[in-house]
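Below is one structure; the comments refer to it alone.
The values are calculated or read from the model by the stated rules, or taken from the named source; none is laboratory data. Fair warning: this is a prediction, and the values are worked out from it, not measured in the lab. Virtual Cβ from ideal backbone geometry, glycine too; neighbours counted across all protein chains shown. Side chains are part of the model used for accessible areas, which takes the heavy atoms of the whole protein and leaves out ligands, DNA and RNA. Shrake-Rupley method; radii C 1.70, N 1.55, O 1.52, S 1.80 Å.
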Amino acid sequence: MHTVKPNSSTRPPVRPAERFLVFGAPQIEDAEIEEVVATLRSGWLGKGPRVAAFEESFAAYKRAEHPLALNSCTAALHLSLLASGIGPGDEVITTAMTFCATVNSIIHTGATPVLCDVDPVTLNIDPDAIRDRITDKTRAILVVHFAGRACEMDAIEALARDHDLRIIEDCAHAIETTYKGRPAGTIGDFGCFSFYATKNVATGEGGMLLSKYAHDAERAKTLSLHGMTRDAWKRFAAEGYRHYQVVEPGFKYNMMDIQAAIGIHQLARVDNNWERRLQVWRRYDQELADLPIDLPASPGGESRHGLHLYTIRLREDAGLSRDAFLQRMTAEGIGTGVHYLAIPEHPVYQERLGWRPEDYPNAMHFGRDTASLPLSARLTDSDVADVIEATRRALGAS
């Protein structure tokens, strides 16, 4: 039995308060700052030429067509469901281990989310569980490539073909991810991406929707800006004002040029940043291997892991709870995260949908026992050493 030593009351923290290591802080360089300043000086702050350039660059990176830059991944999820014709009376199958936006986007269409448990190793949705939950009301499967690891898309595609279902990929963690050489977000009918401040490409807030089919992309684009037939970039361009028509009630989901100005340069460094995170991942693997924790599954294999989250799971012989571990890491000056409490843990879904955590045991146990360590291209070797030392101290190994 591993015995945890209490943190020394006299020993100073690994990092003092003024040097607290913020979890998920983005790497912002001069190129982004200069592009934002140029955008402000241009007078075009809303959706305009930089959004168009960012869409083009992102589509090229993903080897995809029909990109649509939005204000969040949540917007992308919502639009993909609406463009699929999903609404009241329909069911959408998704994972119990995800952020609430995945489920909320289904609820906002009026459809019913149906949860599946996850594989205990990959933490991705279990295709066998999907098969068991398909009914005559099922219209789509919404997969989440958790932490950047691709789901088993061959099996999921086969289920979708057999039952005439649409596939929506939640790629909030998976910009760089591939599955057997196919870019995540281009395998299903839609790919939904996040550029939130903690993501591998960060614009503060922001998202992207990739659509496989042109008619879906056109519907999503119309819905993304009030249901108008022309966006502001076309209405107010140098060619002169053009009238628009509202063809259905839409939403205000578009990205603006200030965000895209950041994203253009973030995307240009995406693969170099991935390489740096791989270095950090491997160092964690090496220097934390002797601790009473389960490390994340190896990112090796024929698919490329996006390396978005480095999740450690406290074993019983760790001698302390996950939340106690989080408190100790904070006291040592290191920010950590929880990704995630299983969806059925949240009161609103228990009350509205009758979900119980124990019905999804893999997701429940993982969500209660796991913490995410900092994993960012911004981390210096010294930062990584501090995370390792703080982790060892928190677990009484240093």
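Please give the net charge around ARG139, taking every other residue with its beta carbon less than 15 angstrom from that of ARG139, where Lys and Arg add +1 and Asp and Glu add -1.
Numbers: positive: ARG133, LYS137, ARG161, ARG166; negative: ASP90, GLU91, ASP136, ASP162, ASP164, ASP189, ASP216.
With Lys, Arg at +1 and Asp, Glu at -1, the neighbours total -3.
Stretching the chain fully between ARG63 and GLU287 yields a gain of 77.0 nm (0.36 nm per residue, less the alpha carbon separation). Amide H to amide H, with H built 1.01 Å from N, ALA64 comes under 5 Å of no residue 5 or more places away or on another chain.
What whole-number value in Å² describes the accessible area per residue of the chain for a 1.4 Å probe? Walk me through the numbers on the way to the answer.
Numbers: 17020 Å² over 398 residues.
Result: 43 Å² per residue.
Charged side chains reduced to their Cβ positions (Lys and Arg at +1, Asp and Glu at -1) give the stretch 251-398 a dipole of some 340 debye around its Cα centre. For the stretch 318-334, 3J(HN,Hα) computed residue by residue from phi via the Karplus equation (6.51, -1.76, 1.60; θ = phi - 60°) reads 5, x, 8, 6, 4, 5, 5, 4, 4, 5, 5, 5, 4, 5, 8, x, 10 Hz, glycine and proline entered as x.
DSSP bridge analysis restricted to the chain gives an antiparallel fraction near 55%, rounded to the nearest 5. Under a 5 Å amide H cut-off, with hydrogens placed 1.01 Å from N, GLY204 pairs with ALA197 among residues at least 5 apart or on other chains.
When only Cα pairs under 8 Å and 6 or more residues apart are kept, what is the percent relative contact order across the stretch 196-352?
Numbers: 122 pairs, mean separation 25.2, N = 157.
Contact order relative to length: 16 percent.
What is the gain in length, in nm to one decimal, between THR380 and LEU353 on full extension, counting 0.36 nm per residue of separation less the C-alpha to C-alpha distance? Mind showing how you got there, number by number?
Details: separation 27, 0.36 × 27 = 9.72 nm, distance 4.47 nm.
Result: 5.2 nm gained on full extension.
At a 1.4 Å probe radius, carbon and sulfur cover how many percent of the accessible area of the stretch 75-140?
Values: 1090 of 2180 Å².
Here carbon and sulfur together make up 50 percent of the probe-accessible area.
Modelled this way, with points 7 Å down the Cα-to-C-beta line, the labels at THR229 and VAL338 are 5.1 nm from one another. The lysine pair tally for the chain, using Cα distances under 28 Å and a gap of 8 or more places or different chains, is 25.
Taking amide H positions as modeled 1.01 Å from N, with prolines and chain starts lacking one, the residues under 5 Å from LEU375 and 5 or more places away or on another chain are GLY24.
Note on the stretch 35-95 and the stretch 163-208: Cα centroid distance 11 Å, given to the nearest whole angstrom. In this label model, ALA331 and ARG161 are separated by 5.6 nm, measuring between points 7 Å along each Cα→Cβ vector.
Relative to the first principal axis of the alpha-carbon coordinates of the chain, what is the inclination of helix 153-163, with its axis defined by its Cα atoms, in degrees from 0 to 90 and to the nearest 10? Helix 153-163 and the main axis of the chain meet at about 50 degrees. Placing a label point 7 Å from the Cα of SER42 along the Cα-to-Cβ direction, the residues of the stretch 192-220 whose backbone N falls under 19 Å of that point are 202-208.
Sequence-distant contacts, meaning Cα pairs under 8 Å at least 6 residues apart, place the relative contact order of the chain at 24 percent. For the stretch 54-176, relative contact order (Cα pairs under 8 Å, six or more residues apart, normalised by length) works out to 22 percent.
Highest mean first, the peptides 63-74, 120-131 sorted by other C-beta atoms within 10 Å per residue fall in the order 63-74, 120-131.
Sorted largest first by accessible area at a 1.4 angstrom probe radius, with every protein chain in place, the residues HIS339, HIS163, HIS108 fall in the order HIS108, HIS163, HIS339. If a spin label sat at a point 7 angstrom from the Cα of ASP294 along the line to its beta carbon, the backbone N atoms of the stretch 101-136 nearer than 14 Å would be those of 118-124.
The label-point distance for PHE20 and ALA268, in a model that sets each label 7 Å from Cα toward Cβ, rounds to 3.4 nm.
I'm spelling it out carefully: the read-out is semi-axes √(5λ) of the Cα gyration tensor in Å, the candidates are (1) 36, 28, 17; (2) 46, 23, 19; (3) 34, 27, 20, and one was derived from this structure. Which label? From the options (1) 36, 28, 17; (2) 46, 23, 19; (3) 34, 27, 20, the structure gives (1).
GNM remark for the chain: springs join alpha carbons under 10 Å apart, and the peak mean-square fluctuation among LEU375, LEU288, LEU353 falls on LEU353. Assuming charge only on the beta carbon of Lys and Arg (+1) and of Asp and Glu (-1), the dipole of the chain about its Cα centre is about 740 debye to the nearest 20. Note on GLU56 and ASP136: the extension gain reaches 25.0 nm, defined as 0.36 nm multiplied by sequence separation minus the Cα-Cα distance. Taking the longest Cα principal axis of the chain as reference, the axis of helix 30-42 is set at about 30 degrees.
When a 1.4 Å probe is rolled over the protein heavy atoms, the share of accessible surface on the stretch 289-346 that falls to carbon and sulfur comes to 45 percent.
Taking the Cα centre of the stretch 123-221 as origin, work out the dipole magnitude from +1 charges on Lys and Arg Cβ and -1 charges on Asp and Glu Cβ, in debye rounded to 20. Don't jump to the answer; show the numbers that get you there.
Numbers: 13 positive and 16 negative charges, 43 e Å.
The calculated dipole for the stretch 123-221 is roughly 200 debye.
Calculate, for ARG11 and GLU275, the FRET efficiency according to 1/(1 + (r/R0)^6) with r their C-beta to C-beta distance and R0 35 Å; round to the nearest 0.05. So, using R0 = 35 Å, E works out to roughly 0.50.
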